[in-house]
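Below is one structure, written out as structure tokens; comments come after it.
What follows draws every value from the coordinates through simple rules; no lab data is involved. Only a predicted model underlies this, so the values are computations on that prediction, with no experimental measurement involved.
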Amino acid sequence: MQIGSKIYGGGGGGVKSVQRGKVSIPTSANFVTVTITAVDTTKTMCNFLGVSCVADVNALTRMSLTNSTTLTFTRSNSSGASGTISWEVMEYS
């Protein structure tokens, strides 16, 4: 379930776009996906901004750009704790 995201366009320094958002990872899930606006995967950097949760799942969570429109957040096991993950995707010109 995607909680929210924003797209920021333009700007100096060769940044084409920035997308940010939060996604909730349920208690029983090992992964969750987020749909983003299409990016060129060869010119894109992903930043894991952190997680807020009841237990420490931060160390167990991995973020990957699965394809041009999908982010996948994976943890090694369902720890019994839900959490909200903050993320950022930066595409360069």
**Study point:** Stretchable slack from residue 49 to residue 69, in nm (0.36 nm times residue separation minus alpha-carbon distance)
**Key:** 5.3 nm
Study note, to complete from the structure: Residue-ordered couplings for the stretch 25-36, obtained by feeding phi - 60° into the Karplus form 6.51 cos²θ - 1.76 cosθ + 1.60 and rounding to whole Hz (Gly and Pro as x), are 10, x, 3, 8, 9, 9, 8, 8, 10, 10, 8, 10
